[in-house]
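Reviewing the structure listed below.
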Ligand code: PLP
């Protein structure tokens, strides 16, 4: 298989490997690297999944997913996100990650252009190139002052060959939650086109700032052109369960179903069945976790701004994207030096886009004590 040069091992995993080596030598690492919440899945779900396995949900299933779970998801998207959709529009996938690549595989053809808002999740660029090696990626950077969408640049990037725009709000790695005004402007740019929107909403419930969640799939102007992608990994502490979903535009349903049939047949049957319990559990823990995230986002922003770095306070997600140019190091060297000298693991900005080599991503998903020790380490490293 031809693998394009954009398809490289994940940089986030490379640094976590180094950290693991230090841990194996008995050193304590303050991990501000990987993006997963540190709580376990609700116990009721662990029980309902194991009950589903005991009750016979162990065979092949429908490639788009279990009807009863798809119905729950369609109702959720309608009620919470204002997206007009029905059960048959929903496809259950192995994480939001698989939904992303399926959407790209379904729509991309050689020579198509993809507008990728940068900085972005590390897998978008490799996934575009795996889905269609001859796709052309046009990266459009967020504005540096506040991580808002740069409409002049987006407009300039759109051409007759633009097939889709990938958008992620709340955003990894910037912590930005795009506003209603930003979505309005984006949708008005796209309303007379045939451009698809791939909306990655995986951090939907990790939103602790002043802006509510907006799903572009709720706009009539782009009806039939939005893949709404979401999942359970981040908000339910089940990153390892590998379960996500997407609402598929009607004209792409058949392609998506065919792709799933030949790639994985269906997502693990007993996990799908057990997950229906999600719609009955008490989600109070999410409020507490969001309070923790808000507190840590504020703490990191204040401490690092005072230490001479530039930090824009995150509004959602699990990360601060910090401008470390004051240290005079490129992001890889900053992260490597910080790990070597202070045993603090962060992720270099270059992993999220070529123009972000003066940034590092700091995760505040973990425990307050570890985050505080990590930030103290960064402050010492700066001196
Ligand atoms: N989208 C974004 C923006 C992410 O940050 C991640 C994981 O870090 C994913 C998708 C993948 O989510 P999942 O674990 O559900 O595949």
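Read-outs throughout are calculated quantities, based only on the coordinates presented, and are distinct from any laboratory measurement. This structure is a prediction, so every number in the text was calculated from the model and none was measured. Please note: Cβ atoms are built from the backbone with ideal geometry, for glycine as well, and neighbour counts cover all protein chains shown.
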Q | Relative contact order %, segment 11-108, counting alpha carbon pairs below 8 Å whose residues are six or more apart | A | 17 percent
Q: For segment 43-280, give the share of DSSP beta bridges that are antiparallel, in percent and rounded to the nearest 5; count only bridges with both residues there.
A: 30 percent
Q) In the Gaussian network model of the chain, springs joining C-alpha atoms below 10 Å, which of 345, 247, 135 carries the largest mean-square fluctuation? A) 135
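When only C-alpha pairs under 8 Å and at least 6 residues apart count, what is the relative contact order of the chain, in percent? Numbers along the way, then the final one.
Numbers: 761 pairs, mean separation 96.1, N = 383.
With pairs under 8 Å counted, the relative contact order is 25 percent.
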(Q) With a 10 Å cut-off between alpha carbons and a GNM built on the chain, which of 155, 201, 132 moves the most? (A) 155
Q | Length gained when the stretch residue 340-residue 223 is fully extended (0.36 nm per residue, less Cα-Cα span) | A | 37.1 nm
(Q) Given points 7 Å out from each Cα along the Cα-Cβ axis, report the residue 148 to residue 27 separation in nanometres with one decimal. (A) 4.3 nm
Q: Quote the convex hull volume per residue of segment 258-383, based on C-alpha atoms, as a whole number of Å³.
A: 167 Å³
Q.
Could you check the spin-label model distance between residue 213 and residue 180? Points 7 Å from the Cα along Cα→Cβ, value in nm.
A. 1.7 nm
(Q) Under the rule a/c < 1.5 gives rounded, and otherwise a/b versus b/c splits prolate from oblate, where does segment 16-112 land using the Cα gyration tensor? (A) oblate
Q: Return the whole-Å distance between the Cα centroid of segment 230-297 and the Cα centroid of segment 68-95.
A: 11 Å
**Q.** Footprinting exposure proxy for 39, 94 (fewest neighbouring C-beta atoms within 10 Å first)
**A.** 39, 94
Q: Please work out the Kirkwood hydrodynamic radius for the chain, using every pair of different C-alpha atoms, and report it in angstroms with one decimal place.
A: 21.4 Å
Q: Measure off 7 Å from each Cα along the Cα-to-Cβ vector at residue 40 and residue 60, then give the distance between these two points in nanometres to one decimal.
A: 3.6 nm
Q. Of 351, 156, 131, which has the largest mean-square fluctuation in a 10 Å C-alpha GNM of the chain?
A. 156
